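Okay, structure first, notes after.
The values are calculated or read from the model by the stated rules, or taken from the named source; none is laboratory data. All values derive from a computational prediction rather than experimental measurement. As a convention, Cβ positions derive from the backbone with ideal geometry for all residues, glycine included, and neighbour counts pool all protein chains shown.
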Amino acid sequence: MGPEAEEAFIRALAAGEFSIEPLYDEDVVRADELMGTYRDAPLGFVDASIVAQAERLGIVSILTTDRRHFSLVRPRHVSSFRLEPLENIEY
């Protein structure tokens, strides 16, 4: 989607339109487990951390521009994540 979209997202964060969920020790431990499980994917720390936080919070929908990793992961709390399509995003 390009740097313009990323910059718009960062500006929205700074304006308080979104909040950032803290990353707890338990999330880091779970992210490490996920990275080991999906080593062949490879699942990176950022995506694994998002999965860990989603599991902790019971979140089932993820808005992402990179569907391939999230579609592979089988979270603990649901059979799969509902990945939100890009066409729902407005910039």
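Structure values in brief
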{"read-out": "Test result for residue 42, part of a loop (DSSP other than H, G, I, E, B), at pLDDT below 90 and exposed (fewer than 12 other Cβ atoms within 10 Å of the Cβ)", "value": "yes"}
{"read-out": "Among (1) surrounded by fewer than 17 Cβ atoms within 10 Å (Cβ to Cβ); (2) touching a residue at least 24 places away in the same chain (Cβ under 8 Å), the one test that residue 30 misses", "value": "(1)"}
{"read-out": "The stretch 12-39: number of residues that are charged (D, E, K, R), assigned to a helix (DSSP H, G or I) and modelled with pLDDT under 95", "value": "0"}
{"read-out": "The stretch 50-72, residues that are at pLDDT 95 or above and more than 11 Å from the chain's Cα centre (by Cα)", "value": "56, 57, 58"}
{"read-out": "Index of the failed condition, residue 8 passing every other in (1) in contact (Cβ under 8 Å) with a residue 40 or more places away in the chain; (2) of a type in the set (A, V, I, L, M, F, W, C); (3) out of contact with any Phe, Trp or Tyr (no Cβ under 6 Å at 6 or more places or on another chain)", "value": "(3)"}
